[in-house]
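Heads up, the thing below is written out as structure tokens.
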Amino acid sequence: MALMKNQTHISHFILLGLFNHTPLHLLLFSIIMAMFLVALSGNGLMILLINTDSRLHSPMYFFLSWLSLMDLTLISTIVPRMAIDYLLGHGSISFTGCGLQILFFLTLLGDECFLLAFMAYDRYVAISNPLRYSVVMSRHVCWLMVAGSWLFGLVDGLFQAIYTLSFPYCGSQEIDHFFCDIPAVLKLACADTSIYEALIYVCCILMLLLPFSVISVSYLLIFVTVLRMHSAEGRKKAFATCSSHMAVVSLFYGAAMIAYMRPQTYHSSKQDKVVSAFYTMITPMLNPLIYSLRNKEVAGALKKFLGRCLCGGRQE
């Protein structure tokens with residue numbers, strides 16, 4: 001009872017952030033903001049090109065437009081808040097605001113896990129069974145896959161956000177992170193969270209390993225199919241259509257597995273911040289660059305779009 005009386009309920013948290021107010025950190029902050037602008041413009045442009053160019057109205061680009069939307073939303077959930085906190089010199093966030101940030105972050109993270117798996121399956125069908133591609137990957141099926149991605153992500157985000165904030169929080173209000181990441185938040189709880197942390201660990205492994213298994217099997221089957229091709233040109237084209245997606249999967253899952261599949265004893269706040277910055281800022285910036293630079297159809301659509309803009313500007 002004495003312990004409960006000494007506990008005071010926390011109505012808000014304080015995010016300690018990623019940077020200090022030093023010349024070096026100011027430079028790093030400026031780089032992060034430049035990356036944010038590149039991510040916004042790159043993903044926004046990908047969505048615009050895919051929806052306006054008829055040559056990109058295929059299942060692969062349909063999924064890519066949703067991936068760009070998820071990346072754009074993910075980085076917008078984290079960076080603007082972090083930038084405001086840094087510029088104002090304090091990172092106060094309400095209890096509800098912290099819960100919403102956890103919800104959006106985990107929902108989008110889960111969305112991308114499953115969407116990348118469906119994109120790998122799409123490439124498998126396109127290469128291994130091209131004659132049935134339009135039937136297997138119909139518009140209806142593609143919409144169901146996207147809806148399933150959002151549903152799985154939302155269920156995971158809701159469960160973890162509600163359960164995390166159900167613990168009593170008292171004493172210190174300082175979260176040693178630049179956003180409300182669950183492991184950092186749970187350190188402030190005034191209750192035993194060990195069982196829940198173990199549950200989160202298992203949940204994260206499942207959310208990562210299940211889609212990653214689909215991706216691995218899909219690309220293994222693709223590899224076998226490509227090896228059986230007699231045409232060198234066909235093999236080259238098949239690898240070209242998959243290379244961009246494989247690069248994106250490597251970046252996203254590499255960072256996510258380092259962040260969530262390491263035992264808690266190997267975690268440190270500095271390492272967690274760096275890894276989190278990678279998949280919340282760097283990956284959303286790189287994804288549209290990878291697809292635009294490594295994909296001739298996207299590059300062609302971009303040239304066509306820029307040509308229309310330049311011609312329209314001259315006529316005016």
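Data table
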item: Residues of the stretch 46-70 satisfying the condition of being crowded, with 18+ Cβ neighbours inside 10 Å and over 17 Å from residue 119 (Cα atoms); result: 49
item: Residue ranges of helices (runs of 4 or more DSSP H) in the stretch 2-104 with at least 2 members in contact with a helix residue (DSSP H, G or I) (Cβ under 7 Å, 6 or more places away or on another chain); result: 23-52, 59-88
item: Residue ranges of helices (runs of 4 or more DSSP H) in the stretch 214-296 with at least 2 members open to solvent by less than 50 Å² (accessible area, probe 1.4 Å), touching a Lys or Arg at 6+ places or on another chain (Cβ under 6 Å) and over 16 Å from residue 109 (Cβ atoms); result: 232-260
item: Any chance residue 133 is touching a Phe, Trp or Tyr at 6+ places or on another chain (Cβ under 8 Å), open to solvent by 20 Å² or more (accessible area, probe 1.4 Å), of a type in the set (Ser, Thr, Tyr) and in a helix (DSSP H, G or I); result: no
item: Residue match in the stretch 145-160 (condition: more than 22 Å from the chain's Cα centre (by Cα) and either of a type outside the set (Ser, Thr, Tyr) or open to solvent by less than 40 Å² (accessible area, probe 1.4 Å) (or both)); result: no
item: Only one of 114, 95 that is in contact (Cβ under 8 Å) with a residue 12 or more places away in the chain and touching a Gly at 6+ places or on another chain (Cβ under 9 Å); result: 114
item: Any hit, the stretch 111-127, residues being open to solvent by 20 Å² or more (accessible area, probe 1.4 Å), assigned to a helix (DSSP H, G or I), among the hydroxyl-bearing types (Ser, Thr, Tyr) and farther than 28 Å from residue 274 by Cα; result: yes
item: Within the stretch 85-123, tally of residues that are hydrophobic (A, V, I, L, M, F, W, C) and over 20 Å from the mean Cα position of the chain (by Cα); result: 4
item: Enumeration of residues in the stretch 187-213 that are touching a Phe, Trp or Tyr at 6+ places or on another chain (Cβ under 7 Å) and either assigned to a loop (DSSP other than H, G, I, E, B) or free of Cβ contacts under 8 Å to residues at least 40 places away in the same chain (or both); result: 188, 189, 190, 191, 193, 196
item: Hey, residue 73 touching a Leu at 6+ places or on another chain (Cβ under 8 Å), of a type in the set (Ser, Thr, Tyr) and buried (at least 22 other Cβ atoms within 10 Å of the Cβ) or not; result: no
item: Unmet requirement for residue 195, which otherwise passes all of (1) hydrophobic (A, V, I, L, M, F, W, C); (2) modelled with pLDDT of 85 or more; (3) open to solvent by less than 30 Å² (accessible area, probe 1.4 Å); result: (3)
item: Cross-chain or 6+ apart pairs with Cβ under 9 Å, the stretch 282-309 first and in contact (Cβ under 8 Å) with a residue 40 or more places away in the chain, then open to solvent by 20 Å² or more (accessible area, probe 1.4 Å) and charged (D, E, K, R); result: 297/55; 300/55; 301/55; 304/55
item: So residue 189, is it crowded, with 16+ Cβ neighbours inside 10 Å and either among the hydrophobic types (A, V, I, L, M, F, W, C) or modelled with pLDDT of 85 or more (or both); result: yes
item: Residue in the stretch 162-175 that is modelled with pLDDT of 90 or more, in contact with a Cys (Cβ under 7 Å, 6 or more places away or on another chain) and within 21 Å of residue 104 (Cα to Cα) present; result: no
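The values are calculated or read from the model by the stated rules, or taken from the named source; none is laboratory data. Computed from a predicted structure; not experimentally measured. Note: ideal-geometry Cβ built from the backbone for every residue, glycine included; neighbour counts use all protein chains shown. Accessible surface is based on the protein model in full, side chains and every heavy atom, while ligands, DNA and RNA are left aside. Shrake-Rupley method; radii C 1.70, N 1.55, O 1.52, S 1.80 Å.
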